[in-house]
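One structure is given below, encoded as structure tokens.
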Amino acid sequence: MEDGARLMERVRARDVDAFERLYDTYHRLVFGIALRIAADAALAEDVTQSIFLKLWTSPEAFREGNFAGWLSRVTRNRTLDVVRSRANRSTTEIPADVPADASTDATVFANIDAQRVRGALSALSEEQRTPIEMGFFAGITHEEIAQRTGVPLGTIKTRIRTGLRRLREALSEAISR
Amino acid sequence: MSEPLDRGGLIDLVAAYALGVVPASECGQVAAFILADADARREYDELRATANLLGLSAEEPVDSNRAARMKERLMATVRADVVPRAPLSATRTSAMWGTTLAAAAAVVFALVSVIQNFGLRSDLHDAQARVATLQTRLDIDRRTVALDRRMLTDLTASDSKRYTVAYGTVVKRGANVYLVLGSLPPPPHGKVYQAWTLARGATTVAPSVTFSPSQSGITLVPIPQDAGNLAAIAVSVEPEGGSRQPTTKPAFVQPLS
């Protein structure tokens with residue numbers, strides 16, 4: 001199967017077939033993330049439409065690395081923006097501006113799939129998985145996670161750090177098998 | 001503005017920053033630290049990529065109708081955006097420009113439509129709330145009109161019974177009874193008028209509605225109790241909010257036959 005990064009190269013060249021394959025391959029991911037965050041199928045559909053249109057009109061936004069990971073982050077941020085604007089809530093989190101060096105991950109995680117990610121997440125302890133999932137899908141700060149879970153902020157920071165490191169190890173192990 | 005953090009505190013925040021859960025007030029410090037510290041940079045690169053993959057856990061099948069509908073709309077927009085690959089000629093340049101502009105306009109229109117759709121959904125929600133409010137108001141108005149129509153019929157019907165009392169008339173028709181009072185003096189400050197009903201066979205009166213004189217000069221008071229079961233009706237001046245038993249001498253007491 002042609003990966004997302006290769007398909008995006010063809011989309012940059014205005015290849016409609018590549019875009020169609022991109023949609024067929026990734027619409028479940030985009031819709032799934034938007035639905036998980038917004039809990040609203042109609043809104044998730046709108047987000048999915050807007051994300052794919054953006055891929056077509058601004059394909060240069062994706063530079064390198066794992067396309068599915070990049071698309072996940074873009075979808076997450078876009079959905080949170082929409083949910084917050086609907087709720088008239090101010091943004092409490094600024095997406096990271098520091099561009100990550102994705103060259104290693106482009107190789108290591110190139111063929112990662114949903115099943116492997118779910119497996120790696122389930123391998124984490126509940127204490128580590130909960131703040132990580134709350135942070136990614138609820139778009140709240142670590143302080144809010146601490147308040148909602150009743151766990152001290154310092155402990156939440158540690159659990160996020162050890163949880164993400166453990167997740168990375170578990171994904172690497174899953175790929176090498 | 002948050003307090004400056006030491007290196008240990010900042011290292012602790014790198015993972016949270018990679019996940020995207022650092023409060024806006026601390027993002028600047030953490031970002032600067034990542035750019036300046038090699039260890040922090042390495043950790044950030046690794047954990048950011050890992051955090052991005054979390055979204056994959058949410059991937060799930062999409063209802064086939066929904067998926068087809070989304071795809072159809074998207075592909076129609078994208079195909080409209082694609083410029084035909086025929087070689088350009090001088091005579092066709094302007095036509096191509098027209099096609100290109102039309103295609104670009106289609107994409108812009110589609111984008112604007114999607115963006116507007118978000119706003120429209122919010123507007124729709126507000127509109128639905130307004131419709132619900134208006135519907136409630138309409139229901140109240142309908143009930144008021146029905147009551148007014150019923151009162152008009154009762155007050156003008158030839159078979160109504162009329163009892164002359166102080167300041168006006170008590171009108172009874174079937175199960176309905178009304179006070180029609182003209183030139184009713186304003187009650188003292190902090191006081192209202194209150195109607196009382198005496199049920200057939202009862203020895204004490206029961207409290208009914210409170211009211212104040214209408215500025216129009218005619219005060220019309222429908223009594224909610226079933227007139228068919230009433231032996232008498234009375235009105236007295238009572239404290240605002242009404243009383244459980246009359247506290248002043250009634251302005252009138254009218255037996256109902």
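What follows draws every value from the coordinates through simple rules; no lab data is involved. This is a predicted model, so every value here is computed, not measured. Quick reminder, even Gly has a Cβ in these numbers, built from the backbone with ideal geometry, and neighbours come from all protein chains shown.
Other residues lying with their Cβ under 13 Å from the Cβ of B:S57 contribute a combined charge of +2, Lys and Arg counting +1, Asp and Glu -1. Around the Cα centre of the range B:161-255, unit charges on the Cβ atoms of Lys, Arg, Asp and Glu (plus for the first two, minus for the last two) sum to a dipole of about 280 debye. Entry note: the range A:113-177 has Rg to Rh equal to 1.02, where both radii use alpha-carbon atoms and Rh is the Kirkwood radius. Stokes-Einstein, applied to the Kirkwood radius of the range A:1-49 over Cα pairs at a viscosity of 1.567 mPa s and 4 °C, places its translational diffusion at 113 µm² s⁻¹.
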